[in-house]
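Below is one structure, written out as structure tokens; the observations come after it.
The values are calculated or read from the model by the stated rules, or taken from the named source; none is laboratory data. Computed from a predicted model, the values in this text were never measured in an experiment. Cβ placement follows ideal geometry from the backbone for every residue including glycine, while neighbour counts extend to all protein chains displayed.
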Amino acid sequence: MKVILSRKGFDRSFGKGASPILPDGRLLSIPIPETEKNYGIEYDKLKLTGNKTYLDLMKELNLRIPQSRKCHLDPDLINNVKKRKPGWKAVFGQSGSAESHLRNQNVQKGDIFLFFGSFKRTYFRDNKLSFEKDYERHIIFGYLQIAEIVQFDNIRTENIKKLFPKLNWAFDHPHLRNKNSINSLYIAENSEVFKYNEKLVLTKKGYSKSIWELPCYFHPKFGTRMSRHSNKERFRIDGQKLTLETIGFGQDFVVSGDEDIEKWCMNLIENCETWT
């Protein structure tokens, strides 16, 4: 089984901010703004709790709101965030060079995406949410284990609907409206979104968010391979922990190794509280 650490949600490049750790511990990844004209879903159509929407939350936290007020809802992991068609499943889409990377790494059924992003703590002030004076950290906020991979290379939207009628529950997903020549949808066997747990924090305490602390068996000398990180000088063992200087580009880091990597991933899934 391979583990894919996949970067998603608001950060300084996409959205110009961080996603919130809500006061009750929920890790809420804010989807990045949609860049394609006539695509995407409005932030105010995504429900948080009660009548509160993602747009309401973004305004409270002074996050930058795109002119279109639309987002690229991907990965799509939370069932009740919007109205769904019967048969809905959690899904994740990838296209272009990022999808080529996943194919080159032979990502397949049974592999697990661990989605991470930039997060900061929040608190209530005058009945509104505000960010704490907190530093941004890379935190794993959810996972998706792959049940099926469907490829839509060079297939236009109208033809996708004709050729894949069983996916009618997913026709509003952005990657089924995508014109990229390389384009795939990853359908979930299992998926959840986490509440905050220190085990989910990737960033090493006191360091910039791109410096991670991982178990020592992530070091290449133990046979572990992390895509885009072939330079062994980025890895440094400190006692029982590994410090990794991650690269600043690329959405997905595919990790393969011995059973320790799989156990680490499954330990997070089985022992960290979820809220979806």
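Identify, please: which residue in the range 13-61 is acidic (Asp, Glu) and part of a loop (DSSP other than H, G, I, E, B) and is, among those, nearest to residue 197 (Cα to Cα)? Lay out the reasoning, then the answer.
Residues of the range 13-61 that are acidic (Asp, Glu), as a first pass: 24, 34, 36, 42, 44, 56, 60.
Filter again for part of a loop (DSSP other than H, G, I, E, B), leaving 24, 34, 36.
Numbers: 24: 12, 34: 30, 36: 35 Å.
Applying the filter and picking the extreme gives 24.
Based on this model, can you work out whether residue 186 counts as over 19 Å from residue 72 (Cα atoms) and either at pLDDT 95 or above or more than 17 Å from the chain's Cα centre (by Cα) (or both)? Full working, then the answer.
On the way: over 19 Å from residue 72 (Cα atoms): no; either at pLDDT 95 or above or more than 17 Å from the chain's Cα centre (by Cα) (or both): yes.
Answer is no for this residue.
Which one of these is at pLDDT 95 or above, out of contact with any Pro (no Cβ under 7 Å at 6 or more places or on another chain) and either under 21 Å from residue 141 (Cβ atoms) or loosely packed, with under 12 Cβ neighbours inside 10 Å (or both): 162, 199? So that I can check it myself, show each step before the final result.
On the way: 162 fails: at pLDDT 95 or above.
Step by step, each of 162, 199 is checked, and only 199 is at pLDDT 95 or above, out of contact with any Pro (no Cβ under 7 Å at 6 or more places or on another chain) and either under 21 Å from residue 141 (Cβ atoms) or loosely packed, with under 12 Cβ neighbours inside 10 Å (or both).
Consider residue 133 carefully, then state whether it is part of a helix (DSSP H, G or I), of a type outside the set (Gly, Ala, Ser) and surrounded by fewer than 18 Cβ atoms within 10 Å (Cβ to Cβ). Talk me through it step by step, then tell me what you get.
On the way: part of a helix (DSSP H, G or I): no; of a type outside the set (Gly, Ala, Ser): yes; surrounded by fewer than 18 Cβ atoms within 10 Å (Cβ to Cβ): yes.
For residue 133, the condition - part of a helix (DSSP H, G or I), of a type outside the set (Gly, Ala, Ser) and surrounded by fewer than 18 Cβ atoms within 10 Å (Cβ to Cβ) - is not met.
Take the residues of the range 247-276 that are closer than 20 Å to residue 7 by Cβ and free of Cβ contacts under 8 Å to residues at least 40 places away in the same chain: which is surrounded by the most Cβ atoms within 10 Å (Cβ to Cβ)?
Once the filter is applied, the top-ranked residue is 247.
Quick check: anything in the range 62-84 among the polar types (S, T, N, Q), under 30 Å from residue 147 (Cα atoms), at pLDDT 95 or above and not in a loop (DSSP other than H, G, I, E, B)?
First, the residues of the range 62-84 that are among the polar types (S, T, N, Q): 62, 67-68, 79-80.
Now restrict to residues that are under 30 Å from residue 147 (Cα atoms): 79-80.
Now narrow it down to the ones that are at pLDDT 95 or above: 79-80.
Right, trim to not in a loop (DSSP other than H, G, I, E, B) and you get 79-80.
Yes - at least one qualifying residue is present in the range 62-84.
Looking only at the range 208-225, count every residue that is assigned to a strand (DSSP E or B) and touching a residue at least 40 places away in the same chain (Cβ under 8 Å) and tell me the total. Spell out the reasoning first.
First, pick out the residues of the range 208-225 that are assigned to a strand (DSSP E or B): 211-215, 225.
Going one step further and asking which of them are touching a residue at least 40 places away in the same chain (Cβ under 8 Å), we end up with 212, 215.
Final tally of qualifying residues: 2.
When residues of the range 168-199 are filtered for being within 21 Å of residue 32 (Cα to Cα), touching a helix residue (DSSP H, G or I) at 6+ places or on another chain (Cβ under 7 Å) and in a helix (DSSP H, G or I), how many remain?
Final tally of qualifying residues: 2.
Which residue out of 205, 232, 241 is out of contact with any His (no Cβ under 9 Å at 6 or more places or on another chain), of a type in the set (Lys, Arg) and either surrounded by 19 or more Cβ atoms within 10 Å (Cβ to Cβ) or touching a residue at least 12 places away in the same chain (Cβ under 8 Å) (or both)? Walk me through it before giving the result.
Numbers: 205 fails: either surrounded by 19 or more Cβ atoms within 10 Å (Cβ to Cβ) or touching a residue at least 12 places away in the same chain (Cβ under 8 Å) (or both); 232 fails: out of contact with any His (no Cβ under 9 Å at 6 or more places or on another chain).
Matching residue, one of 205, 232, 241: 241.
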